[in-house]
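Q: Okay, here's the structure, questions in a sec.
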Amino acid sequence: MNAVLDLRGVSKHFPTHAAVKAVSLSIEKGEFFALLGPSGCGKTTTLRLIAGFEEPTEGEIRLNGANIHHLKPYQRNVSTVFQNYALFPHLTVRQNVEFGLRRRAENHIDKRVREVLELVQLAGKEIRYPSEISGGERQRVALARSLVLAPDILLLDEPLSALDPNLRKQVRAELKELQRRVGITFLFVTHDQEEALSMADRLGVMSAGELQQVGTPEEVYLRPKSRFVASFLGAMNWIGDIGVRPEVTRIARERQRQDERSRPATVVRSTFLGNCVHVEANLADGQTVVAEVSRVTEPFAAGDAVWVWWESGDELRFE
Amino acid sequence: MNRLRAWFLAPSWAVMLALFLAPLAIILAYSFLTRGTYGGISLPWTTESYQRLADPIYLTILWRSFWIAGVSTVFCLMLGFPLALFISRSGKRKDLYLSLVMLPFWTSFLVRTYAWMFLLRDTGLINTLLEKLGLIHGPMPLLYNDGAVILGLVYGYLPFMVLPLYATLERLDRNLLEASADLGARPWATLMHVMVPLCASGIRAGAILVFIPCLGAYLTPDLLGGGKSVMIGNLIQNQFTTARDWPFGSAVSLALMAVVMLLLAALVRRNDEGLL
Amino acid sequence: MKRGGVGLSVYALAAFLFLHLPLLILAAFSFNASRFTVWQGFSLRWYAAALQDSQLIDASWNSLIIAAVATVVSTIIGTLCAYGLWKRRAPVLTGSLYLSLVTPEIVTGISLLAFYQWIFRFLRVQLGMHTVILAHISFSIAYVVIVVMARLRTVDAQLEEAALDLGANEWQAFRYVTLPVILPGVIAAALLAFTVSFDDYVITSLVAGVDSETLPMVIYAIARRGVNPVVNAISALIVVGFGGLILISERLRTR
């Protein structure tokens, strides 16, 4: 167990509502961890509690074993990359990056700044101001500014949301690579499940202040522990208490199996999505299911009578 | 974080307490005392000063102050609205025009009041020009009356009406006006039934920013009214200097403050934007 | 709505003329060789008279000193106050500041006079430059707070959090991040406080001592006796001076 961050029963109550409820979480050294959930679920508040901008109402926050929750932000070896980067507009890129080092009056500032700027591929832009560089470059300045301080854990608040959508895939890969190279533990917060699934070593799903499940992407996607996690991480067909994902929901003109894992249905519509086809069908009780089928199969038309079926290993049951 | 902020607020607290609130508390106390034999204050405590306010002489002054302030405010609204409208439609030159409106205001109130003395007096520019043009045969008494005071006040506070009006007009959704026209309303109807109601908060703000200083005006009625147009401000000044009746002067001051606060309470709504 | 176009523009022109002509005329006649309202040639005699009048010069110095001291003090106090009020509520203080803005000057003036006279029973002091300066500080603070607060509202609240996150304590976050960013607003506030202080007549006249006559007080005294071209000259100088300061202030405020 090499936990760099340990949250034990952490709660944060505001006068109007409880934002975080008894969250317990352990993050390993060197992990790329994602905190995932819809807006308002408490993930950003959790981040702020770790950074020190809020004080927990209950619970303990330990960094490398030491209790930090009474420490101010500038006393914690934790650094945050803000959603809109919060670069100091009156300082150049270089001055932004060396800001933390100057406050600590450390040695070899110039050398360290140069190294980190090379690491994020911003060498040559030292004398520019934040207003003179692109959004992607601003993010890299924010990263450099935090990384140069060698924090025990780097917190990222929705790091990709401020970027152009077509940049995001590329930046995802770059962030992953960066983290691998520097070896610092990353904790990032997002509402985008695709981001979380593709980038994280492990992820935690939050809803309404509670941590619903923690696990690897495979674990959380294939073996969700609650209806919420199941629905949030991907599309889901609910047939009574049973959940089946569209990509494993089969559809055929003839009945393919004789047990209850097979239902008659009527096609509502068939939507061509480019890489696959989504067929919506209504079950006898009116419930709509979506089956993802390959392009190759014979197209289904509205009104067709079909059978919807699935394998027992693909079903998810919740109480 | 809180401790630093508390320290930062301390000097302002000290100044406000010592140099603003305490003095007000003192004249509050004085208003309940009696005039000393040689002026100033003395015991006993009494409400006599407040009772004197009901005297017709003073009620006339109060009424005149309200009237002058009211008329000035209305003029400011009528003159300021089209100007604010113009600026809100002037596109790129908005900032230039706004500066042009504000510039005179920041160049010394005293000088601007004096400028009207220069223009309005019997041998001033306006009379001289009119006489030269043969339109009148003797000087018109343009100065030293209520009209001159109103003119001076409108001139002085017009920018205070233009700015809030401009702020609301600028935020006005043009589509609403177009929708009104589309539905068959003529320009005047659109103005009265759509534009003006939507600018209500700006009109309220402008009215407050003009009426209240006008109500408590001192310099303008003093220089442009010449003693013939006594307003509350002149009365107060008089009580503290010539008449040396501090209790009464204090009572009038507090009555004025009370009126101002009542107006603010009545006109300021919670959702109007604050300056602080 | 386009139909109002030309009419509106003509009206606007008239309105701008209304606002600016009186001052322009005043300034124009400051160059009039004659003291009457009939143009009789260009002359600088009134400027010469103004610049040689010892009473005017002394009063100008007083005004300058008072305005300078009051500006520095009120700007510092007001900036700290605006920062303290930023994101934090202090209803009584905010209420007092608002009140100081809406209270008629005559009331502020006489209340300060009464306050000073009451204090003078315990301290052996008189009305003088110090009483004026204190009064000016008092009424200038609200103006400074408004201007700086407006500037603070445009500052990203997360900048300070970022500074704290990177290791700066609260004071350092203010000094190295927030203050530099709001500095143009602070300077604009200072210029505003200066003009408000320099121009004040009502409050100053009530709390000034015999030897602390200010320029507005002298101008008032002369104007009271009737029109005097020397006042035109001084006015022109003031208008140009203030106008320049305010233009700079506006530039800084919106930078």
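Q: Restricting attention to the stretch C:218-230, which residues are within 19 Å of C:THR204 (Cα to Cα) and without any contact (Cβ under 8 Å) to a residue 60 or more places away in the chain?
A: Step one: filter the stretch C:218-230 for residues within 19 Å of C:THR204 (Cα to Cα), giving C:218-224.
Answer for the stretch C:218-230, where residues must be within 19 Å of C:THR204 (Cα to Cα) and without any contact (Cβ under 8 Å) to a residue 60 or more places away in the chain: C:ILE219, C:TYR220, C:ALA221, C:ILE222, C:ALA223, C:ARG224.
Q: In the list A:GLU247, A:GLU260, which residue meets the criterion of being surrounded by fewer than 18 Cβ atoms within 10 Å (Cβ to Cβ), more than 26 Å from A:LEU197 (Cβ to Cβ) and of a type outside the set (Val, Ile, Thr)?
A: Working: A:GLU247 fails: more than 26 Å from A:LEU197 (Cβ to Cβ).
Being surrounded by fewer than 18 Cβ atoms within 10 Å (Cβ to Cβ), more than 26 Å from A:LEU197 (Cβ to Cβ) and of a type outside the set (Val, Ile, Thr) holds for just one of A:GLU247, A:GLU260, which is A:GLU260.
Q: Looking only at the stretch B:125-135, which residues are in a loop (DSSP other than H, G, I, E, B) and at negative phi?
A: Quick first cut of the stretch B:125-135, residues in a loop (DSSP other than H, G, I, E, B) only: B:133-135.
Those that are in a loop (DSSP other than H, G, I, E, B) and at negative phi: B:LEU133, B:LEU135.
One line per residue, one yes/no per condition, for (1) at pLDDT 85 or above; (2) within 11 Å of chain C (Cβ to nearest Cβ):
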{"position": "B:LEU169", "(1), (2)": "yes, no"}
{"position": "B:ARG204", "(1), (2)": "yes, no"}
{"position": "B:TRP246", "(1), (2)": "yes, yes"}
{"position": "B:MET257", "(1), (2)": "yes, yes"}
{"position": "B:GLU273", "(1), (2)": "no, yes"}
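Q: Just to be sure, is B:GLY39 surrounded by fewer than 20 Cβ atoms within 10 Å (Cβ to Cβ) and within 21 Å of the chain's Cα centre (by Cα)?
A: Taking the combined requirement at face value, the residue does not satisfy it.
Q: Tell me, which residue of the stretch B:121-149 that is closer than 27 Å to B:THR73 by Cα and away from every other protein chain (no Cβ under 14 Å) is nearest to the chain's Cα centre (by Cα)?
A: Filtering the stretch B:121-149 for residues that are closer than 27 Å to B:THR73 by Cα and away from every other protein chain (no Cβ under 14 Å), the one nearest to the chain's Cα centre (by Cα) comes out as B:VAL149.
Q: A further question follows. Can you pull out every residue in the stretch A:38-93 that is more than 8 Å from every other protein chain (Cβ to nearest Cβ), surrounded by fewer than 17 Cβ atoms within 10 Å (Cβ to Cβ), in contact (Cβ under 8 Å) with a residue 12 or more places away in the chain and among the polar types (S, T, N, Q)?
A: If the condition is that a residue be more than 8 Å from every other protein chain (Cβ to nearest Cβ), surrounded by fewer than 17 Cβ atoms within 10 Å (Cβ to Cβ), in contact (Cβ under 8 Å) with a residue 12 or more places away in the chain and among the polar types (S, T, N, Q), then A:SER39, A:THR57, A:ASN64, A:GLN75, A:ASN77 are the ones that fit.
Q: Right, here's the next one. Restricting to the stretch C:11-38, count the residues that are in a helix (DSSP H, G or I) and either under 21 Å from B:SER108 (Cβ atoms) or facing chain B (nearest Cβ under 7 Å) (or both).
A: 17
Q: Here is a list of conditions, (1) farther than 16 Å from B:LEU103 by Cβ; (2) surrounded by 14 or more Cβ atoms within 10 Å (Cβ to Cβ), and C:TRP39 meets all of them except one; can you say which number that is?
A: So C:TRP39 meets the others, but not (2).
For (1) in contact with a Lys or Arg (Cβ under 9 Å, 6 or more places away or on another chain); (2) closer than 18 Å to B:ASN145 by Cα; (3) at pLDDT 95 or above, each residue gets a yes or a no:
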position: B:ALA69; (1), (2), (3): no, yes, yes
position: B:PHE75; (1), (2), (3): no, yes, yes
position: B:PHE86; (1), (2), (3): no, no, no
position: B:GLY91; (1), (2), (3): no, no, no
position: B:LYS94; (1), (2), (3): no, no, no
position: B:LEU98; (1), (2), (3): no, no, no
position: B:ALA115; (1), (2), (3): no, yes, no
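Q: For the stretch B:16-32, indicate whether the set of residues that are part of a loop (DSSP other than H, G, I, E, B), over 23 Å from the mean Cα position of the chain (by Cα), surrounded by 20 or more Cβ atoms within 10 Å (Cβ to Cβ) and within 13 Å of chain C (Cβ to nearest Cβ) is non-empty.
A: As a first pass, look at the stretch B:16-32 and keep what is part of a loop (DSSP other than H, G, I, E, B): B:31-32.
When the remaining residues are screened for being over 23 Å from the mean Cα position of the chain (by Cα), the result is B:31-32.
Of the ones still in play, those that are also surrounded by 20 or more Cβ atoms within 10 Å (Cβ to Cβ) are B:31.
So of that shortlist, the ones also within 13 Å of chain C (Cβ to nearest Cβ) come out as B:31.
Checked against the condition, which is being part of a loop (DSSP other than H, G, I, E, B), over 23 Å from the mean Cα position of the chain (by Cα), surrounded by 20 or more Cβ atoms within 10 Å (Cβ to Cβ) and within 13 Å of chain C (Cβ to nearest Cβ), the stretch B:16-32 yields at least one hit.
Q: Kindly evaluate A:VAL97 against the criterion of being within 25 Å of A:GLU54 (Cα to Cα), facing chain C (nearest Cβ under 8 Å) and crowded, with 23+ Cβ neighbours inside 10 Å.
A: No, not satisfied.
Q: I'm trying to understand the selection: among the residues of the stretch A:213-240, which are basic (Lys, Arg), over 25 Å from A:ALA281 (Cα atoms) and buried (at least 16 other Cβ atoms within 10 Å of the Cβ)? I'd like the intermediate steps shown before the answer.
A: Of the stretch A:213-240, the ones basic (Lys, Arg) are A:223, A:225, A:227.
Checking which are over 25 Å from A:ALA281 (Cα atoms) leaves us with A:223, A:225.
Once the filter is applied, which keeps residues that are basic (Lys, Arg), over 25 Å from A:ALA281 (Cα atoms) and buried (at least 16 other Cβ atoms within 10 Å of the Cβ), the stretch A:213-240 yields only A:LYS225.
Q: Which condition from (1) closer than 30 Å to A:GLN95 by Cα; (2) in a helix (DSSP H, G or I); (3) touching a residue at least 24 places away in the same chain (Cβ under 8 Å); (4) at the interface with chain B (Cβ under 9 Å from one of its Cβ atoms) is the one that C:TRP171 breaks?
A: With respect to (1) closer than 30 Å to A:GLN95 by Cα; (2) in a helix (DSSP H, G or I); (3) touching a residue at least 24 places away in the same chain (Cβ under 8 Å); (4) at the interface with chain B (Cβ under 9 Å from one of its Cβ atoms), C:TRP171 is out only on (3).
Q: If you scan the stretch C:118-158, which residues turn out to be under 30 Å from A:PRO151 (Cβ atoms) and surrounded by 19 or more Cβ atoms within 10 Å (Cβ to Cβ)?
A: C:LEU152
Q: Here are some residues: C:VAL92, C:VAL73, C:VAL107. Which one is crowded, with 19+ Cβ neighbours inside 10 Å, without any contact (Cβ under 8 Å) to a residue 40 or more places away in the chain and either within 11 Å of another protein chain (Cβ to nearest Cβ) or out of contact with any Ser or Thr (no Cβ under 9 Å at 6 or more places or on another chain) (or both)? Please lay out each step first, then the result.
A: Numbers: C:VAL92 fails: crowded, with 19+ Cβ neighbours inside 10 Å; C:VAL73 fails: without any contact (Cβ under 8 Å) to a residue 40 or more places away in the chain.
The match here is C:VAL107.
Q: Being farther than 30 Å from B:GLY202 by Cβ, in a loop (DSSP other than H, G, I, E, B) and either acidic (Asp, Glu) or touching a residue at least 24 places away in the same chain (Cβ under 8 Å) (or both), is that true of even one residue in the stretch B:53-64?
A: Taking the stretch B:53-64 as the starting set, the residues that turn out to be farther than 30 Å from B:GLY202 by Cβ are B:53-61.
From the residues that got through so far, the ones that are in a loop (DSSP other than H, G, I, E, B) too are B:53-55.
Then drop every residue that is not either acidic (Asp, Glu) or touching a residue at least 24 places away in the same chain (Cβ under 8 Å) (or both), which leaves B:53, B:55.
Yes, because at least one residue in the stretch B:53-64 is farther than 30 Å from B:GLY202 by Cβ, in a loop (DSSP other than H, G, I, E, B) and either acidic (Asp, Glu) or touching a residue at least 24 places away in the same chain (Cβ under 8 Å) (or both).
The values are calculated or read from the model by the stated rules, or taken from the named source; none is laboratory data. This structure is a prediction, so every number in the text was calculated from the model and none was measured. So basically every Cβ, Gly included, is an ideal-geometry build from the backbone, and we count neighbours across all protein chains shown.
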